[in-house]
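A short worksheet on the structure shown next.
The values are calculated or read from the model by the stated rules, or taken from the named source; none is laboratory data. The model shown is predicted, which means the values in this text are computed figures rather than measured ones. Here the Cβ positions follow ideal geometry from the backbone for every residue, glycine too, while neighbour counts run over all protein chains shown.
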There are 2 protein chains.
Amino acid sequence: MASLFALDAHDPLPLYAQLERAIKAAIVTGRLGLEQQLPTVRQLAVDLKINANTVARVYAELEAQGILASRRGVGTFVKTLPAGASSTGVKRAQQLSDLTEQFLAEAAGRGFTSEEVLLQVQRLCAGRKEKPHGRREKKES
Amino acid sequence: MASLFALDAHDPLPLYAQLERAIKAAIVTGRLGLEQQLPTVRQLAVDLKINANTVARVYAELEAQGILASRRGVGTFVKTLPAGASSTGVKRAQQLSDLTEQFLAEAAGRGFTSEEVLLQVQRLCAGRKEKPHGRREKKES
DNA sequence: GCCATTGTACTATTTTATTAGTACAATAGG
DNA sequence: CCTATTGTACTAATAAAATAGTACAATGGC
């Protein structure tokens, strides 16, 4: 991999959303650790061949979510692990079910069998066991 | 579920891409069977509260992919099952790995633990075993 | 033949995403 | 103090996505 993240210009998902997802994924999977520094806004823009404004927007958004912390003249750093809304109850179960079905359909559409997918999930899950860090709550609405 | 598909206006993924994904998912999971008719362009637009042009674009795109077949004055029908590229080798493995990581990150970002996710995947995979399809739902006629 | 239904094609408009460029603000280092 | 580096804040321009509306084309039922 050339750089930490990889974006696809032909993915219908907007670049800012792709980058946001990629950064979160890197943190969740441990490729980016706590307090670790991210590339500068301008550098990452060059690496990914996208505009610096787009990178800045993503960093700002992730900072608003409490995941990153930026300091002028210094850089941007991983502050905490991404935390979800963590709704409880039926809705929560339904959300997981929907998300999973979406994923399985996507995989099936690309020609992967259920067995392959399951195996891959098991492998990746085993890699990071349990780390569902407790609920951090921010006030946002 | 009010209708066959569910779109989220706040999802950064464009509506047309969401709908395309939803239709493919419905076919892959067997909620839509071969030769089954889809809602009309105008009806689905009303159901999903989106523009008819957007629906028409998606139907046309899926027809171009050979998944759907449309006939004027009649309707739009499922023609074949979505087929993946089924590339082999390293790239294929890498693709599955990337896709899975993305999914796990998404799930983790929404507050689901690895255990929960793994369990859900196991459940859904068990539900449709080998065949990605084969199971037609009985419907009232 | 008539006509309602369905997919298709087009133009126009608005909103969103992305880029480009410039300028400013805070920090670290000499 | 000076300056390079970094994040931040704008404005402007372009491209893509989505909507609104109208019209046309093929099909099937009567």
By residue number, the members of region A:88-141 that are modelled with pLDDT of 80 or more, surrounded by fewer than 17 Cβ atoms within 10 Å (Cβ to Cβ) and of a type in the set (Gly, Ala, Ser) are A:93, A:97
For region B:22-30, state whether one or more residues are within 9 Å of DNA strand C (Cβ to nearest atom), surrounded by 13 or more Cβ atoms within 10 Å (Cβ to Cβ) and either at pLDDT 90 or above or of a type in the set (Gly, Ala, Ser) (or both).
-> no
Subset of region B:3-20 [over 18 Å from residue A:14 (Cα atoms) and within 14 Å of chain A (Cβ to nearest Cβ)] = B:4, B:5, B:6
Name, by its number, the condition in (1) more than 10 Å from DNA strand D (Cβ to nearest atom); (2) within 26 Å of residue A:113 (Cβ to Cβ) that does not hold for residue B:10.
-> (2)
Consider residue A:98 against the criteria (1) among the acidic types (Asp, Glu); (2) in contact with a strand residue (DSSP E or B) (Cβ under 6 Å, 6 or more places away or on another chain); (3) under 30 Å from residue B:27 (Cα atoms): it satisfies all of them except one. Which criterion is unmet?
-> (2)
For residue B:32, the lone unmet condition from (1) without any contact (Cβ under 8 Å) to a residue 12 or more places away in the chain; (2) away from every other protein chain (no Cβ under 11 Å) is (1)
Name the pairs: first residue in region A:100-114 and more than 7 Å from every other protein chain (Cβ to nearest Cβ), second residue buried (at least 18 other Cβ atoms within 10 Å of the Cβ), Cβ to Cβ under 8 Å, at least 6 apart or on different chains?
-> A:113/B:132
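Can you tell which of A:50, A:23 is among the aliphatic types (A, V, I, L, M), under 15 Å from residue B:99 (Cα atoms) and more than 9 Å from chain B (Cβ to nearest Cβ)?
Values: A:50 fails: under 15 Å from residue B:99 (Cα atoms).
Criteria check complete, one pass: A:23.
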Selection within region B:36-53 - farther than 17 Å from residue B:21 by Cβ and within 12 Å of DNA strand D (Cβ to nearest atom) = B:40, B:41, B:42, B:45, B:46, B:49, B:51, B:52, B:53
Looking only at residues in region B:54-72 that are within 9 Å of DNA strand C (Cβ to nearest atom) and farther than 10 Å from residue B:20 by Cα, which one is surrounded by the most Cβ atoms within 10 Å (Cβ to Cβ)?
-> B:68
Among the numbered conditions (1) within 11 Å of DNA strand D (Cβ to nearest atom); (2) at positive phi; (3) within 11 Å of chain A (Cβ to nearest Cβ), tell me where residue B:75 comes up short.
-> (3)
